[in-house]
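> One structure follows; several queries about it will come next.
The values are calculated or read from the model by the stated rules, or taken from the named source; none is laboratory data. Just so we're clear, the structure is a prediction, and the values are computed from it rather than from any experiment. Cβ placement follows ideal geometry from the backbone for every residue including glycine, while neighbour counts extend to all protein chains displayed. The accessibility values were calculated without ligands, DNA or RNA, using every heavy atom of the protein model including side chains. Shrake-Rupley method; radii C 1.70, N 1.55, O 1.52, S 1.80 Å.
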Amino acid sequence: MWGGRFAEGPSAIMREINASIPFDKALWRQDIAASKAHVAMLGAQGIVSAEDAATIAEGLDKVAAEYERDGVPENWDLEDIHMTTEARLAEMVGPVAGRLHTARSRNDQVATDFRLWVRDAMDQADEGLAALQRSLVTRAGEHSASIMPGFTHLQTAQPVTLGHHLMAYYEMLRRDRSRFADARSRLNECPLGSAALAGTGFPIDRATTAQALGFERPTANSLDAVSDRDFALDYLMAASQCALHLSRLAEEFIVWASQPFGFVRLPDSLSTGSSIMPQKKNPDAAELVRGHTGRVIGCATALMVTMKGLPLAYSKDMQDDKPPVFEAAGLLALSIAAMTGMVAESEFRTDRMRQAAELGYATATDLADWLVREADIPFREAHHITGAAVKRAEADGVALDQLPLDVLQAIDSRIDDRVYKALSVDASVASRASYGGTAPKEVERRVTEARQALGMTGR
């Protein structure tokens, strides 16, 4: 390929460190597509003859069929997917294959291929997240009125509904999808035609190749186009944030499935057993989702550090841009699929959830609010009175709504029997009917909106 400049070939070490075909062969579909768009443009512009352009395009289709059937061969002497494809094309169609590389460089070639691959990965992530959202919305609709304890600091705080809890993750994923969409919009410019770094003297039509590959426009600066990897970093940042949300959801299931909680029974298909303890049912899928998050974040960090301080334009450091993106994309896809199955197939033990809500003094805030509303007591004073009531209930080993009226009135004489209507967990969640609140009717409203946004039919 570049032997005319060198008297000797590369050493074994150079050959090994320089070859990227073991990982960039994953770009073969994008490389074929970009090459076909490029040669079609060359033919249309008269830069190569129509006959040669047709021969090259037919040859590329044959190479693609071989790759699809047999996989991409790994010849380290050919270095990468670009030269591997060009070499095989030459074997099929002869020297005319050499015209394919007219008016392009591997620099703009790989930048284009990689953008196409990342764009596909973004679309796949969006599709997977939409499926997970549908699972969350379906289960939330089933449990719009199922009461559970809401937590802060992992301490019982106030009663909420399971549907409301699940819809919180729907909102997280909605933001994740918007991040991928924003990143995709910025990515969608075509570097092809930027050549090595300065553009080309051939009369190419970059708008045509951009359109053929589904890009909105060509990139505006050839130096930036061949050296930009912001699109990959954008993907990794969106993937990292998404993985964080998946990890939080996974942690919920891990905690809920533990015996002290007993809020959920995980599906056998996403659990494992123990080699020594027959009773164990381990939430390994959820734990691996939680663990994968660290690796995805590590991939983002790796590429940031790789790109740090690189001068314009292309540097060989950037050959290492693809492994972290490929790894993160694979991990993210697995994590999304695992959590989709877990949400859809788990059995929620709503009896245990309700019992926990009733035993945790979760309606203490409702007592304070009642004192403010009905007895015209300043909230800080009401907070103090309620704290005394909780202390007494805890000492007696009963729930707040089980404290006798005379006991409550001994704490504060302004309390009357109307208070009991506010102290049940059902009354508590029903009262939280503010926009975005946990009241069942509010959850049902939000579920309906989400179903419409996702294009879900029926109930």
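> Rounded to the nearest 500, what is the 222 nm mean residue ellipticity of the chain from helices alone, with -39500 (n - 2.57) per DSSP H run of 4+ residues and division by all residues?
On the way: 19 runs with 287 residues, N = 459.
Result for the chain, helices only: -20500 deg cm²/dmol.
> Sort SER194, SER11 by heavy-atom solvent-accessible area, probe 1.4 angstrom, most to least.
Numbers: SER194 0, SER11 65 Å².
Greatest to least solvent exposure: SER11, SER194.
> Can you grab the distance from the C-alpha centre of segment 194-219 to the C-alpha centre of segment 376-390, Å, no decimals?
70 Å
> What figure in square angstrom, to the nearest 10, would you give for the accessible area of MET456 with a 1.4 Å probe?
40 Å²
> While we're looking at this one, here's another question. Provide the solvent-accessible area of ARG184, counting protein heavy atoms only and rolling a 1.4 Å probe, rounded to the nearest 10 Å².
ARG184 has an accessible surface of roughly 80 Å² with all protein chains in place.
> Give the total of Lys-Lys pairs in the chain with Cα-Cα distances below 21 Å; include a pair only if its members are 8 or more places apart or on different chains.
So the count works out to 9.
> Assign one of three labels to segment 102-161, namely rounded, prolate or oblate, based on the Cα gyration tensor with a ≥ b ≥ c the square roots of its eigenvalues; rounded applies when a/c is under 1.5, prolate when it is not and a/b is larger than b/c, and oblate otherwise.
Details: a/c = 10.63, a/b = 3.10, b/c = 3.43.
In terms of gyration-tensor shape, oblate.
> Can I get the semi-axes of segment 103-220's equivalent ellipsoid? Compute them from the C-alpha gyration tensor as square roots of 5 times the eigenvalues, in angstrom, largest first.
Details: eigenvalues 453, 33, 16 Å².
The three semi-axes for segment 103-220 are 48, 13, 9 Å.
> When the solvent-accessible surface of protein heavy atoms is calculated with a 1.4 angstrom probe, in what order do ARG99, ARG115 fall, highest first? Kindly include the intermediate steps, with their values, before the conclusion.
Working: ARG99 120, ARG115 5 Å².
Descending order: ARG99, ARG115.
> Based on DSSP loop calls and a cut-off of at most 16 other Cβ atoms within 10 Å, the longest stretch of the chain free of exposed chymotrypsin sites (Phe, Trp or Tyr not before Pro) is what?
Values: sites that count: TRP2, PHE6, PHE261, TYR435.
With chymotrypsin sites (Phe, Trp or Tyr not before Pro) excluded where exposed in loops, the chain gives 7-260 as its longest stretch.
> Which net charge results when you count Lys and Arg as +1 and Asp and Glu as -1 among the other residues whose beta-carbon is under 14 Å from that of ASP52? Please report the intermediate quantities before stating the final value.
Values: positive: LYS36, ARG99; negative: GLU51, GLU58.
My count for the surroundings of ASP52 gives 0.
> Would you mind pulling out the separation of the Cα centroids of segment 83-150 and segment 395-459, in Å?
46 Å
> Also, I was wondering about something else. Would you work out the charge dipole size for the chain about its Cα centre, treating the Cβ of every Lys and Arg as +1 and the Cβ of every Asp and Glu as -1, and quote it to the nearest 20 debye? Mind dumping the intermediate values first?
Values: 49 positive and 63 negative charges, 107 e Å.
Using only the charged Cβ atoms, the result is roughly 520 debye.
> What is the Cα centroid distance between segment 158-191 and segment 287-301, reported in whole angstrom?
Using only Cα atoms, the two centres lie 18 Å from each other.
> Taking square-rooted eigenvalues a ≥ b ≥ c of the alpha carbon gyration tensor, is segment 270-379 rounded, prolate or oblate, where a/c under 1.5 means rounded and, failing that, a/b exceeding b/c means prolate?
Numbers: a/c = 4.18, a/b = 1.68, b/c = 2.48.
Oblate is the answer for segment 270-379, as a/c is 1.5 or above yet b/c matches or exceeds a/b.
> Using only protein heavy atoms and a 1.4 Å probe, report how much of GLU74 is accessible, in Å² to the nearest 10.
Its heavy atoms expose roughly 90 Å² to the probe.
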